[in-house]
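Participant: The structure is given below, and queries will be raised subsequently.
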Amino acid sequence: VKRVIANSGDWVDIKEDGTVFVNDEELSEPYLAEKAFGDADVELPYQVPDGKIFVMGDQRSTSVDSRNTAVGCVAQEQIVGKIIFRIWPLERLGAVE
């Protein structure tokens with residue numbers, strides 16, 4: 001499961017401390033337990049190609065996502081659903097932001 005961070009044509013930049021910027025605006029990511037630069041081998045800042053989406057996992061230090069060319073950006077047709085409700089852990093049961 002990954003979060004959509006940026007859409008086609010957007011510019012993504014990630015600072016060494018893991019702070020993410022999209023089109024020069026810092027993302028508010030209250031859902032993260034910790035920020036991390038992670039396994040990034042794309043040249044930053046990075047422009048999302050036409051018809052693609054830039055995705056990142058919440059476990060930034062270990063997630064393999066659009067920051068790495070092994071995965072890269074994904075096409076719209078590769079998205080199979082949207083998470084709207086969390087059941088685990090039980091103390092966080094409820095709608096997902």
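Participant: What are the pairs with Cβ atoms under 9 angstrom where one residue, in region 81-97, is closer than 16 Å to ASP58 by Cβ and basic (Lys, Arg) and the other, located anywhere, is in a loop (DSSP other than H, G, I, E, B) and modelled with pLDDT of 90 or more? Sequence gap at least six, or different chains.
Facilitator: Every condition considered, the pairs that remain are ARG86/LEU93.
Here's the yes/no breakdown for (1) in a loop (DSSP other than H, G, I, E, B); (2) farther than 23 Å from ALA95 by Cβ:
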site	(1), (2)
ASP17	yes, yes
SER28	yes, no
LYS35	yes, yes
VAL42	yes, yes
PHE54	no, yes
ASP58	yes, no
ALA70	yes, yes
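Participant: Would you confirm whether or not region 9-24 contains a residue that is polar (S, T, N, Q), open to solvent by less than 80 Å² (accessible area, probe 1.4 Å) and within 21 Å of GLU97 (Cα to Cα)?
Facilitator: Looking through region 9-24, at least one residue is polar (S, T, N, Q), open to solvent by less than 80 Å² (accessible area, probe 1.4 Å) and within 21 Å of GLU97 (Cα to Cα).
Participant: Further question on the same structure: Among what's in region 1-46 and is in contact with a strand residue (DSSP E or B) (Cβ under 9 Å, 6 or more places away or on another chain) and among the small types (Gly, Ala, Ser), pick the residue that is nearest to VAL71 (Cα to Cα).
Facilitator: Looking at the filtered set, the residue picked out is ALA40.
Participant: Could you tell me how many of the residues in region 72-90 are more than 12 Å from the chain's Cα centre (by Cα) and surrounded by 10 or more Cβ atoms within 10 Å (Cβ to Cβ)?
Facilitator: Residues flagged as more than 12 Å from the chain's Cα centre (by Cα) and surrounded by 10 or more Cβ atoms within 10 Å (Cβ to Cβ) within region 72-90 amount to 5.
The values are calculated or read from the model by the stated rules, or taken from the named source; none is laboratory data. Quick caveat, the model's predicted, so the values are computed rather than measured. Note that we place each Cβ from the backbone using ideal geometry, even for glycine, and neighbour counts take in every protein chain shown. Heads up: the accessible areas ignore ligands, DNA and RNA and are worked out on the full protein's heavy atoms, side chains in. Shrake-Rupley method; radii C 1.70, N 1.55, O 1.52, S 1.80 Å.
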